[in-house]
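The values are calculated or read from the model by the stated rules, or taken from the named source; none is laboratory data. The model shown is predicted, which means the values in this text are computed figures rather than measured ones. Glycine gets a Cβ as well: all are built from the backbone with ideal geometry, and neighbour counts include every protein chain shown.
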Amino acid sequence: MKILFWLCLGLVVYTYFGFFLIVYLLGIVKRKPVRRADIEPAVSVVIAAYNEERVIREKIENTLKLDYPPGKLDVLVVADGSDDLTPVIAGEFEADGVRVLHEPERRGKTVALNRAAPFAKGEVLLFSDANTSYPPETLRRMVRNFNDPLVGGVSGRKVIRRDPEREATKGEERFWSYEGALKVFESQLGSISTADGEIFAMRKGLFEAIPGHVVHDDMYLTLSLIRKGYRVVYEPEAVSEETASKTLVDEFHLKTRYASAGYQIVMAFRGMLFPPANMFAVQFLSHKLLRWLAPFPLLGMLLSSFALDAMAWKVFFVLQVLFYYMAFWGYLLAKNGSRIGILYYPLYFCLGNCAALYGFYKYFTKGQSVLWRKAER
């Protein structure tokens, strides 16, 4: 039992802290610079917009205001499956060169992106979501990385807007700050583990159709580029802003889907990841897979410390129970609309791990549909 406890504790520490420190140190020693330059390739911005009538006008206006030559900016709105006013509102911008693709059947974001790619006129595809906005300089900062012929894809930095009315804001702010720092270090080593689909650019000539059942289009494209021998780098000066989930329930479902669909990627690229024979495979398994599996060593710590007799182990057990009690107390307060203060952080941590555990169960029992539960805007 002692061996089990220390093994589980080691995995948890490595997953949340150790890997971060190792990548940081390696990034200092083995830094691979990107040959950036101010270039202006033609860019197609592909906006996925399923039932986004509340935000699509603002999104298109934001895109058209990007600091980029109008003749080199192509905007495609993919509104497949939308049964609201999304395609109608987007169609109002035809005079500005915006093109709208719309089919009545909803077949998921992946199929929509596959359908849009052949219509894109640009040398570079920039994938975006309807609920995000970019500062004017974002596109220029993304494409300067493509001056390096080894760069196949670029991911920008996701920033959460301050909105205290949205329950997931505090947790998402800190999570994406952590993720951003980790991606800086990964990028310095060669490639990031996965791009963020809200702000992900790639060379159009390298785009390959994504299998229709895949949910993580951004993760699939990232690994496919790396398998071809290209780098996928992080550009922290290119920012995508969005709000967090309105409720912690929405955040739970989002994180469940993320973990469940992550196993699709592991299975699709298992020959590239197992055994972990190169730095990227180690990065991906450490950054992604171990995080999705983190509930199991956490449970192992709890059960093994309970089973051991010495007082020191009982103290470990009580401290863990206290932490989970704080999370549960925070959940009850949040459910009743009360302020939860410092209890928010154990609640957010446990919410993420419960979602990962449910995602594991969901993938291996039911599978993950491409038609997921849409969060409230």
TODO: Have a look at V88, V45, V55, V77 and point out the one that is under 17 Å from E123 (Cα atoms) and of a type in the set (A, V, I, L, M).
DONE: V45
Open item on the list: Considering only residues that are touching a strand residue (DSSP E or B) at 6+ places or on another chain (Cβ under 8 Å) and assigned to a helix (DSSP H, G or I), which ones fall in segment 113-143?
Closed with: L113, R115, A116, A117, F119, T138, L139, R141, M142, V143
Open item on the list: Out of the residues in segment 193-207 meeting the condition of being in contact with a Ser or Thr (Cβ under 6 Å, 6 or more places away or on another chain) and part of a loop (DSSP other than H, G, I, E, B), tell me which one is surrounded by the fewest Cβ atoms within 10 Å (Cβ to Cβ).
Closed with: E198
Task: Lone unmet requirement of (1) in contact with a Leu (Cβ under 7 Å, 6 or more places away or on another chain); (2) outside any helix (DSSP H, G or I); (3) surrounded by fewer than 18 Cβ atoms within 10 Å (Cβ to Cβ) for A281 - done: (2)
TODO: Only residues that are under 24 Å from R174 (Cβ atoms) and surrounded by fewer than 16 Cβ atoms within 10 Å (Cβ to Cβ): list them for segment 300-319, please.
DONE: L319
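Is it the case that some residue within segment 249-262 is among the β-branched types (V, I, T), farther than 30 Å from D163 by Cβ and either in a helix (DSSP H, G or I) or at pLDDT 95 or above (or both)? Reasoning before the result, please.
Taking segment 249-262 as the starting set, the residues that turn out to be among the β-branched types (V, I, T) are 249, 256.
When the remaining residues are screened for being farther than 30 Å from D163 by Cβ, the result is none.
The answer is no; no qualifying residue exists.
Could you tell me how many of the residues in segment 93-112 are crowded, with 16+ Cβ neighbours inside 10 Å, hydrophobic (A, V, I, L, M, F, W, C) and either out of contact with any Gly (no Cβ under 9 Å at 6 or more places or on another chain) or part of a strand (DSSP E or B) (or both)? Can you show your working first?
Kept after step one, since they are crowded, with 16+ Cβ neighbours inside 10 Å, are these residues of segment 93-112: 93, 98-102, 106, 108-112.
Among the residues that remain, those that are also hydrophobic (A, V, I, L, M, F, W, C) are: 93, 98, 100-101, 111-112.
Within this subset, residues satisfying the condition of being either out of contact with any Gly (no Cβ under 9 Å at 6 or more places or on another chain) or part of a strand (DSSP E or B) (or both) are 93, 98, 100-101.
Matching residues across segment 93-112 total 4.
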TODO: Can you confirm whether segment 224-231 contains a residue that is assigned to a strand (DSSP E or B) and either crowded, with 17+ Cβ neighbours inside 10 Å or of a type in the set (G, A, S) (or both)?
DONE: yes
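Return yes when D74 is without any contact (Cβ under 8 Å) to a residue 60 or more places away in the chain, charged (D, E, K, R) and outside any helix (DSSP H, G or I) and no when it is not.
Working: without any contact (Cβ under 8 Å) to a residue 60 or more places away in the chain: yes; charged (D, E, K, R): yes; outside any helix (DSSP H, G or I): yes.
Against the criterion (without any contact (Cβ under 8 Å) to a residue 60 or more places away in the chain, charged (D, E, K, R) and outside any helix (DSSP H, G or I)), D74 qualifies.
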TODO: Report, by residue number, each residue of segment 167-196 that is over 19 Å from F280 (Cα atoms) and in contact with a Lys or Arg (Cβ under 8 Å, 6 or more places away or on another chain).
DONE: E167, A168, T169, E173, W176
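Each row is one residue, and each column tells you yes or no for (1) assigned to a helix (DSSP H, G or I); (2) within 29 Å of the chain's Cα centre (by Cα); (3) farther than 30 Å from V214 by Cα.
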| site | (1), (2), (3) |
| --- | --- |
| F296 | yes, yes, no |
| M301 | yes, yes, yes |
| A312 | yes, no, yes |
| F323 | yes, yes, yes |
| S338 | no, no, yes |
| L343 | yes, yes, yes |
| G359 | yes, yes, no |
| Q368 | no, yes, no |
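For residues in segment 34-65 being in a loop (DSSP other than H, G, I, E, B), within 24 Å of the chain's Cα centre (by Cα) and in the same structural domain as S240 (by TED's automatic domain parsing), which is farthest from K204 (Cα to Cα)? Give the derivation first.
As a first pass, look at segment 34-65 and keep what is in a loop (DSSP other than H, G, I, E, B): 34-42, 49-55, 65.
Next, from what is left, pick out any that are within 24 Å of the chain's Cα centre (by Cα): 34, 49-55.
Next cut, in the same structural domain as S240 (by TED's automatic domain parsing) only: 49-55.
Values: A49: 20, Y50: 23, N51: 26, E52: 26, E53: 28, R54: 30, V55: 27 Å.
The qualifying residue farthest from K204 (Cα to Cα) is R54.
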- [ ] Could you identify the single residue in V34, V45, V29, V12 that is touching a residue at least 24 places away in the same chain (Cβ under 8 Å), of a type in the set (A, V, I, L, M, F, W, C) and out of contact with any strand residue (DSSP E or B) (no Cβ under 7 Å at 6 or more places or on another chain)?
- [x] V12
Task: Odd one out for L150 among (1) at pLDDT below 95; (2) over 19 Å from E237 (Cβ atoms); (3) surrounded by fewer than 21 Cβ atoms within 10 Å (Cβ to Cβ) - done: (1)
